[in-house]
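Engineer: The structure under discussion is supplied below as structure tokens; questions concerning it will follow.
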Amino acid sequence: MLKLTFLGTSAGVPTKQRNVTALAIECLNPYLVGSSRQQDQDNNQHTSQNASQNASQNKKSRPWLLIDCGEGTQHQLLHSKLSLHQLAVICITHVHGDHCYGLPGLLASAAMSGRHAPLTLIAPKAIATLLDAIILTTELHLPFAINFMAIEDLLSQQNGKISLCLDTQHQLDIDITPLSHRVASYGFGITQTINRRTLNKDKLTADGIPASALWGKLQHGEDVMTDDGRKILSGGYVDNDVQRTRVVIAGDNDSPNLLFDVVKDADLLVHEATYTHEVLLKIQGKNLDFDPMHSSAQLLGKFAQNVGLKNLILTHFSARYQSFDNANSRTPNMAHIRIDAESAYKGNLWLAADFAQYAVNGAADLGDGKEHNCVQYVGSARDNEK
């Protein structure tokens, strides 16, 4: 399961209600909750309950990613339970300041908090130049290694794909898609795969195989011999459950169709919707020599509807849009964004707000013939602040 926390949802500049772009993605293992197959089925059917249970997991089992790091991101993190010590990967979609100006400060704070574990940074090459300049001019010392992976090199050498092993049963794959913006911009596909081997204790007991160290070996895929000389094959007593969760996070982009192939199997798309379509056309018409190269909510809605996407979260809203929702107000607000998207899209739609959290439970192969595929709003990161 992936848990998304929006740390910034404003485009270009912050507002009193919204900081500039940043999104945290926690990689949670639902199989750490409970031990029976039925509990796992129940948890997949009740996402909010599952999210609450996962909140009690040991922090070491909760690595997380940061997609973009606008100015002030580290301040936003103070209102969450996320730890810089568990941050595994930072991905930067492009070099515009509202997506990266917070990176040096966040790294400095990680250093001052005592972090020593290496950190993977996936970003355009220019981000390395930015960090080198700041390290040189401000005497910034980082006591941990940064594994910098230039997006340009990943696309040319590895087809834009990276695999990370979070533990022996927990894998994360990242794929990169070039987008269309005023500077090189990219989208990140995040795919979490969790494998779990479940021991069928009832069958073992029924077959006269008492609980012993043999059970552990069977669960780990080993065939065993019982004391009475019977050969017990692991495959006959172990069920394999696989849960795959995929989200696609897009940077600034005026051509959603570039994501057509990568969202077909996604549980969720998170994409910028900087304006309503009417406002976008007005901006483009004012100055024929300048195109902001952003998407409208309606444009995203049409794309999501055409591709058959079930779940869509819009973010990166122009500062002109106030946070309230009132379709009758003459003041630009989120209702206008929502209506613009809903004019074309009939799936599950959310407009992100700062600190909003969503649980994404991907399809689990539970063998019951049912579809377990859900995105659910689970509250605000600030709900439990004292």
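The values are calculated or read from the model by the stated rules, or taken from the named source; none is laboratory data. Just so we're clear, the structure is a prediction, and the values are computed from it rather than from any experiment. Heads up, the Cβs are rebuilt from the backbone with ideal geometry, glycines too, and the neighbour counts pull from every protein chain shown.
Engineer: In this structure, does Y358 turn out to be among the aromatic types (F, W, Y), in contact with a strand residue (DSSP E or B) (Cβ under 8 Å, 6 or more places away or on another chain) and in a loop (DSSP other than H, G, I, E, B)?
Structural biologist: Criteria not met by Y358.
Engineer: So which residues in the stretch 6-17 are crowded, with 23+ Cβ neighbours inside 10 Å and either in contact with a Ser or Thr (Cβ under 6 Å, 6 or more places away or on another chain) or at positive phi (or both)?
Structural biologist: Selection gives L7, G8, T9, A11.
Engineer: Going residue by residue through the stretch 179-191, is there one that turns out to be without any contact (Cβ under 8 Å) to a residue 40 or more places away in the chain and of a type outside the set (G, A, S)?
Structural biologist: Looking only at the stretch 179-191, we keep the residues that are without any contact (Cβ under 8 Å) to a residue 40 or more places away in the chain, and these are none.
Looking through the stretch 179-191, none of the residues is without any contact (Cβ under 8 Å) to a residue 40 or more places away in the chain and of a type outside the set (G, A, S).
Engineer: Can you find a residue that is over 25 Å from T9 (Cβ atoms), out of contact with any Ser or Thr (no Cβ under 9 Å at 6 or more places or on another chain) and either outside the structural domain of G189 (by TED's automatic domain parsing) or hydrophobic (A, V, I, L, M, F, W, C) (or both) anywhere in the stretch 94-109? If you could, list the steps in order and put the result at the bottom.
Structural biologist: Within the stretch 94-109, the first condition is being over 25 Å from T9 (Cβ atoms), and the residues that meet it are none.
So far as the stretch 94-109 goes, no, none of its residues is over 25 Å from T9 (Cβ atoms), out of contact with any Ser or Thr (no Cβ under 9 Å at 6 or more places or on another chain) and either outside the structural domain of G189 (by TED's automatic domain parsing) or hydrophobic (A, V, I, L, M, F, W, C) (or both).
Engineer: Give me the pairs: first residue in the stretch 304-319 and closer than 16 Å to V279 by Cα, second residue modelled with pLDDT of 95 or more and among the aromatic types (F, W, Y), beta-carbon distance under 6 Å, and six or more apart or on different chains, which are they?
Structural biologist: Cβ pairs passing all conditions: S318/Y275.
Engineer: Same structure again: Anything in the stretch 112-133 that is in contact with a Pro (Cβ under 8 Å, 6 or more places away or on another chain) and crowded, with 16+ Cβ neighbours inside 10 Å? List them, or say none.
Structural biologist: Answer for the stretch 112-133, where residues must be in contact with a Pro (Cβ under 8 Å, 6 or more places away or on another chain) and crowded, with 16+ Cβ neighbours inside 10 Å: R115, L130, L131.
Engineer: In the stretch 77-96, is there at least one residue being assigned to a helix (DSSP H, G or I), over 30 Å from Q169 (Cβ atoms) and not basic (K, R)?
Structural biologist: No - not one qualifying residue is present in the stretch 77-96.
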